[in-house]
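The values are calculated or read from the model by the stated rules, or taken from the named source; none is laboratory data. Quantities reported herein were computed from a predicted structural model and do not represent experimental measurements. Neighbour counts run over all protein chains shown; Cβ positions are idealised from the backbone, glycine included. These accessible areas exclude ligands, DNA and RNA; they are computed on the full protein's heavy atoms, side chains included. Shrake-Rupley method; radii C 1.70, N 1.55, O 1.52, S 1.80 Å.
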Amino acid sequence: RRDNNFEEKMAQVLAVYKEIELINISEEQKGKATSERKHTTVSFDEKPGIQAIKNIAAQLLPVPGSHKTVSRDFEYKRLGTVTLLAGIDLHDGTVIPLVGTRHRSAEFIKYLQKLIEHYPPDWKIRIILDNHSAHRSKETMNFLNSVPNKFEFVFTPTHGSWLNMIEMFFSTIARTF
């Protein structure tokens, strides 16, 4: 099923990215401190099913002339899986993670609370996110009503999660670790 409003939602997400770019350039040129800004935009998503492993042997340290980087032994102990809920502050690049075992409404609300704790009390937090049911659930809406005007959600179109910048971060960590 294709999102009937795909083009409109894509344009909205891209307009947010352009706005952030202009704000960041302006702050850099004027030398403004981020503390003058009273809002931020966070690109958010969940990455479920990450293997939690424990190395059995110590890392192999670099050897000059032989091995340039730290290496790991191929054996490990599997400890199950975890879900990473993460957001990137698109103004300063700060990654705000939350590791859990699931990604339901309760965990999403816990993440929203973590954002509230991370930013000054008078800041508004705009979040770019996908259409996962936990982001629109009754529990989430009740929480948002308890903190009026704190959050603004910008939803990527259905089947358009690739428009969310956090996906590049998840891709990088999946290929790196």
Please build a GNM for the chain, connecting alpha carbons under 10 Å apart, and tell me which residue among ASP45, ASP89, ASP122 fluctuates the most.
-> ASP122
Note down the accessible area of PHE170, probe 1.4 Å, to the nearest 10 Å².
-> 10
What is the set of long-range amide H partners of GLY87 at a cut-off below 5 Å, with H atoms built 1.01 Å from backbone N?
-> ILE96
Listed here are the pairs LYS9/LYS150; LYS114/LYS138; LYS38/LYS110; LYS54/LYS138; which of them are more than 27 Å apart at the Cα?
-> LYS54/LYS138
Rounded percent of accessible protein surface that carbon and sulfur make up, the chain, 1.4 Å probe | 54
Give the Rg/Rh ratio for region 84-177, taking Rg as the radius of gyration of the Cα atoms and Rh as the Kirkwood radius, to two decimals.
-> 0.94
Once you put a point 7 Å from the Cα of SER161 and another 7 Å from the Cα of GLN29, both along the Cβ direction, what distance in nm separates them?
-> 3.7
For LEU61 and MET168, compute 0.36 nm times the residue count separating them, minus their Cα-Cα distance, and round to one decimal in nm.
-> 35.6 nm
What is the chain's relative contact order, in percent, from Cα pairs under 8 angstrom and six or more apart in sequence?
-> 26
For GLN113 and GLU75, what does the FRET efficiency come to when R0 = 41 Å and r is the distance between their Cβ atoms, rounded to the nearest 0.05?
-> 0.60
Sequence-distant or interchain residues sharing an amide H contact under 5 Å with ILE128, placed H: which?
-> VAL42, SER43, PHE44, VAL154
Show the residues, 5+ positions off or on another chain, whose built amide H is closer than 5 Å to the amide H of ILE53.
-> LEU79
Considering Cα pairs under 8 angstrom that are at least six residues apart, work out the relative contact order of region 1-99 and quote it in whole percent.
-> 26
Here the percent of antiparallel bridges among DSSP beta bridges lying wholly in the chain, to the nearest 5, is 65
Provide the per-residue ³J(HN,Hα) series for region 4-13, in order, calculated from phi with Karplus coefficients 6.51, -1.76, 1.60 and θ = phi - 60°, each as a whole number of Hz, with x at glycine and proline positions.
-> 4, 10, 3, 4, 5, 5, 4, 4, 5, 5
